[in-house]
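Asker: After the C-alpha cells below, expect a handful of questions from me.
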Amino acid sequence: MKIRQLETIPLGPFVYVKMHTEDGLYGVGEASLSGRCSAVVGALAQIAPLLVGIDIALWDLNGKALGVPVHRMLGGLARNKVLVYRHVGGDTPEQLVENSQQLLADGWKVLRISPIVCRGEGDDGDGGFNPREAIINGVAHMATLREAVGPEVEIIFEVHTRLSPPQAIELCTQLEPYHPFFVEDPIRSENPGAFRTLRQHTKVPIGTGEQLHDKWAYRQLIEEELIERMRVDICHTGGITEGRKLAHLAEMHYQELATHYTSSPVSSAAMLSLNLSISDCAVQDW
C-alpha cells in the first residue's frame, strides 16, 4: 500500500485531509487548529511530501485497509461507552439552572459551565475584565446550579485562563464545597510550574492542556502530578499516536484524559477511538 496523494480540504474553520493510496483506499483526518485555517493549509502544502502531522488520516487508512475499527488497532476496547459532556450557558444562575435541567432531561450526565467569562466585564462598558466580580459571579452560579441538580451530576467549571494564580486559588477554594468534576484552565497553561502553587492551596481537581502541543509540554504537569484531568486535543497534540502516549504517561500518575476537540465530526470520531481503547478516560468534549 503506497501513498499517492494528500488532499487538503478547508471547510469553514476546519481543515480536513484525505490520504489517498494507489490501491484506491483513502484515510480521513483533521488538522484544524482553533480556526487558523489558512495557516494550516499553507503548512500542509509544505510538509505533505513528508507525511508529517497527518496521523489521524493514517490510522483511518490502516483501519480501512485491515477492515477493523481504529480502537482495535490501538489494543481493543477498554470500555463500551465514553462519557461526554455538554456546555451550558445562562446569563443568570436561574437561566443556567433552566438550561441545565433541559440537558439533564435529555440524558446528559456531565455539564460544563463558564460563568466567570460570561460576567466579570466592567459595567462601565470599557470591556475590562474584573476578576473579583467574575469570581463572585462564578461561585454564585455554581452554588445555585449544584443545589438545583443535586450531588450526582458532574459539573466542569471552565475559567478560560482568565485568572492569576492567587485569583485562581481564591476561586478554587470557594468552589470546593460544590465538588466540581474539575476546574478547567484556571490559569495559563504555558507555565506548568505555576500549577504547583495552585495545587498546594486547593483540593479541587484541576484540568488543563488544550493549548499544549506535544508530550514534552505535558511532562512537568504529569510527573509532578499538578493536575488531575488532561485536556488533550489530538488535533493540536500530534494525533491519535501522541494522544495514546500521553494517556499511558498519565495512567502511571493516576491522571485521566478529559479530551478537548475542535468541534468537528472527524476529530470527534478520532478521539472516540482513542478513548475507547484507554483505561484512563474521564470524559470527552462534545
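Every residue, every condition in (1) surrounded by fewer than 17 Cβ atoms within 10 Å (Cβ to Cβ); (2) in a helix (DSSP H, G or I), yes or no:
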{"site": "146", "(1), (2)": "no, yes"}
{"site": "176", "(1), (2)": "yes, yes"}
{"site": "183", "(1), (2)": "no, no"}
{"site": "198", "(1), (2)": "no, yes"}
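Asker: Could I ask something else about it? Going by what's in this entry, would residue 247 be described as within 13 Å of the chain's Cα centre (by Cα) and modelled with pLDDT of 95 or more?
Answerer: no
Asker: OK, next. Show me the helices (runs of 4 or more DSSP H) found entirely inside region 17-99 where at least 3 residues are in contact with a Gly (Cβ under 8 Å, 6 or more places away or on another chain), more than 30 Å from residue 145 (Cα to Cα) and at pLDDT below 85.
Answerer: 37-47
Asker: Can you work out which of the residues in region 202-217 that are of a type outside the set (S, T, N, Q) and modelled with pLDDT of 95 or more is surrounded by the most Cβ atoms within 10 Å (Cβ to Cβ)?
Answerer: Applying the filter and picking the extreme gives 207.
Asker: Restricting the search to region 257-286, which residues are part of a helix (DSSP H, G or I) and in contact (Cβ under 8 Å) with a residue 12 or more places away in the chain?
Answerer: Correct list: 266, 267, 268, 270, 271, 272, 273, 274, 275, 276, 277.
The values are calculated or read from the model by the stated rules, or taken from the named source; none is laboratory data. Here the structure is a predicted model, which means the values were calculated and not measured. Cβ coordinates were reconstructed from backbone atoms using ideal geometry, including for glycine residues, and neighbour counts include every protein chain displayed.
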